[in-house]
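*Asks:* I'd like to ask you about the structure that follows.
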Amino acid sequence: MTDKVQLTGGPDKSVTWIWLETGQLKVQYYDFGGAAQKLFGNDITWTITVNDMDKFLSIVNQSEATLIPWIAEYFKSYFGIKQWLEEHEIDFSIERESWA
């Protein structure tokens, strides 16, 4: 696992982290704001796992060694990454955790 890197954007009272774990990109969105409290009863986290890393690395012309810095420069939050993955039809899964 590489060190987690925090992205700079996203809604107030939220944070996006990115890292590589066992050769897969992980993108975690943690929301600790009022909307999460109201809708879910507590904080909530969504984590994307990119399943098709070969396609992802090929499209962005990066290696595992350069991917995290590239993402941190190119994207500001979970939502931009998720939209980009969908637009490029890169296979990923999403896991949701709530601490209600």
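*Asks:* Scan the range 57-100 for residues that are in contact with an Asp or Glu (Cβ under 9 Å, 6 or more places away or on another chain), over 23 Å from D31 (Cβ atoms) and part of a helix (DSSP H, G or I) and jot them down.
*Replies:* L57
*Asks:* Using beta carbons and a limit of 8 Å, which pairs, at least six apart or on different chains, have the first residue in the range 54-68 and within 13 Å of D3 (Cα to Cα) and the second one polar (S, T, N, Q)?
*Replies:* Between residues of the range 54-68 that are within 13 Å of D3 (Cα to Cα) and residues that are polar (S, T, N, Q), the close pairs are I68/T2.
*Asks:* May I ask you to list pairs of residues, at least six apart or on different chains, whose Cβ atoms are under 8 Å apart, with the first in the range 74-100 being over 19 Å from L20 (Cα atoms) and the second being modelled with pLDDT under 95 and among the acidic types (D, E)?
*Replies:* Every condition considered, the pairs that remain are S98/D43; W99/D43.
*Asks:* Name the single residue, out of those in the range 83-96 being in contact with a Phe, Trp or Tyr (Cβ under 8 Å, 6 or more places away or on another chain) and surrounded by 13 or more Cβ atoms within 10 Å (Cβ to Cβ), that is farthest from V5 (Cα to Cα).
*Replies:* Once the filter is applied, the top-ranked residue is I90.
*Asks:* Report, by residue number, each residue of the range 22-59 that is at pLDDT 95 or above and over 10 Å from the mean Cα position of the chain (by Cα).
*Replies:* Q24, N51, D52, M53, D54, K55, F56, L57, S58, I59
The values are calculated or read from the model by the stated rules, or taken from the named source; none is laboratory data. It should be emphasised that the depicted structure is a prediction, and the values quoted were computed from it without experimental measurement. Cβ: placed from backbone, ideal geometry, glycine included. Neighbour counts: every protein chain shown.
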